[in-house]
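Written below as structure tokens is the structure these notes are about.
The values are calculated or read from the model by the stated rules, or taken from the named source; none is laboratory data. The shown structure was predicted, so the numbers you read here are calculated from the model rather than taken from an experiment. When we count neighbours, we look across all protein chains shown, and the Cβ atoms used for this are built from the backbone with ideal geometry, even at glycine. Note: areas computed on protein heavy atoms with side chains; ligands, DNA, RNA excluded. Shrake-Rupley method; radii C 1.70, N 1.55, O 1.52, S 1.80 Å.
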Amino acid sequence: MEKLKGLQITSLDDDDEEEVEEYDMNEEEDDDDEDDDDGEEDEEFVTLGFVEKPKNPWSLLRQLFPSKAGSVPAWLDPVNLPSGKACVCDICGEPLQFVLQVYAPIEKEYAFHRMLFVFMCSSMNCLLRDQHEQWKRHPEKPSRSVKIFRCQLPRFNPFYPSEPPRCDGTDKPSGTGAALCTWCGTWKGDKLCSSCRTARYCSEKHQALHWRSGHKIDCQRMSVSSQSCDCPNKNRTTSANLQKVASKTLWPEYEMIIENESEPSTEMSEDKACTSSLVSKEKVDDTMNSLMDSFEGDHDRKSWASFQERIGKAPGQVLRYCRNGGAKPLWPMSSGQPSKADIPKCNYCGGPLCFEFQILPQLLYYFSVNNEVDSLDWATIVAYTCEASCEGGVAYKEEYAWVQLSSPSATVP
């Protein structure tokens, strides 16, 4: 299997008219353009995402344009990060936690590098409210606990060399990045500890958590150390090295691996997909069966049977990707699906959004989320992005997430 990062990069010596090597996620099967009326993407070319522990400590650094899940994001534009209310849950106000990112460049000069980032609140109460809010069609101030950001860069940019990375541990970015929060390592650390003036935070909440977890003891020592050491870049990060994060509650880090659904590899056998570092087949089956218990009608059960049959061919998958104007998600249930009118227009260009990928509930088990009443859970999270992948404006454009829970009638707290 290949890494889920297929770079759209060629040597500068290549002929300009030669087609660049591009990520398989965006290849389309054009032989059959007939509409699919059953709500699934049976006629589309689907790429599956699997997770495994990274083989090298440097393989998920931003200069390698990784697709990954858990821990901290590898920001594409390391300077102009999302800020303010974009970083927090609109419902509880807590900073959002990183879920995964997908490297998916397209054949546009300004999107030579293109990355999609998914964040969410870890509270199930907020996710329940999020699902309730999404049915309010296009509110002026949407309250969301799941947010998706799109970032893209041209080949020649201030942050990365124009040549493809060597992927041997020696690659370096071209410039430094913004200082990140010492606690979460995710958002911009624009608040400085007034005592040691070394630790940085994205919010007062994370500063308080760090203080209680041990920074109260370390602060004086760090203050003395920082005063005795001339570190001109102590508040910046190149992301060329692994970042030390104080929080112990981040989800575990995985590398995203791809497999074309239409071309199953012998490497992605059932044993490979459901053993070793991944959850066991029995655990996946238990998850699917427990979701079945929450369905309320024959239509949901029929949809679930079709969903389970499709997923069962590669039960370790956590992501399904198919960026095509006519592509549709693989819905686990008939209830809780949006209509075309429920999907808003692009906030930046006013154009239509299209389905790009969906996240499956198996990811929760790789994240070691407990299967309890109040634990985080979903049937699927679907990402809709600007069909034109418009340029201009802010570096990180917020796209749209549709959440389908396993129990659509769940009570909003």
Can you tell me which of (1) polar (S, T, N, Q); (2) without any contact (Cβ under 8 Å) to a residue 40 or more places away in the chain; (3) not in a loop (DSSP other than H, G, I, E, B) is the one Thr198 doesn't meet?
(3)
Could you tell me whether Gln220 is open to solvent by 20 Å² or more (accessible area, probe 1.4 Å) and assigned to a strand (DSSP E or B)?
no
Just the residues that are closer than 30 Å to Arg197 by Cβ, surrounded by 15 or more Cβ atoms within 10 Å (Cβ to Cβ), out of contact with any His (no Cβ under 6 Å at 6 or more places or on another chain) and not aliphatic (A, V, I, L, M), please, taken from region 161-181.
Pro173, Thr176, Gly177
Here are some residues: Leu7, Leu60, Leu76. Which one is at pLDDT below 95, of a type in the set (A, V, I, L, M) and assigned to a loop (DSSP other than H, G, I, E, B)?
Leu7
Between Leu127, Leu116, which is assigned to a strand (DSSP E or B), modelled with pLDDT of 95 or more and either farther than 17 Å from Leu363 by Cα or in contact with a strand residue (DSSP E or B) (Cβ under 9 Å, 6 or more places away or on another chain) (or both)?
Leu116
Answer with yes or no whether Val118 is in contact with a Gly (Cβ under 8 Å, 6 or more places away or on another chain) and open to solvent by less than 10 Å² (accessible area, probe 1.4 Å).
no
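Take the conditions crowded, with 20+ Cβ neighbours inside 10 Å and β-branched (Val, Ile, Thr) and apply them to Val102. Does it pass?
In short, yes.
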Taking only region 138-152 into account, find how many residues are open to solvent by 10 Å² or more (accessible area, probe 1.4 Å) and without any contact (Cβ under 8 Å) to a residue 60 or more places away in the chain.
5
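Report yes if some residue within region 293-310 is open to solvent by less than 60 Å² (accessible area, probe 1.4 Å) and within 21 Å of the chain's Cα centre (by Cα); otherwise report no.
No, because not a single residue in region 293-310 is open to solvent by less than 60 Å² (accessible area, probe 1.4 Å) and within 21 Å of the chain's Cα centre (by Cα).
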Output the number of residues of region 183-199 satisfying the condition of being open to solvent by 30 Å² or more (accessible area, probe 1.4 Å) and at pLDDT 95 or above.
1
How many residues does region 379-395 contain that are within 25 Å of Ile258 (Cβ to Cβ) and touching a helix residue (DSSP H, G or I) at 6+ places or on another chain (Cβ under 7 Å)?
2
Output for region 43-99, where each listed residue is of a type in the set (Ser, Thr, Tyr) and open to solvent by less than 40 Å² (accessible area, probe 1.4 Å)
Thr47, Ser59, Ser67, Ser71
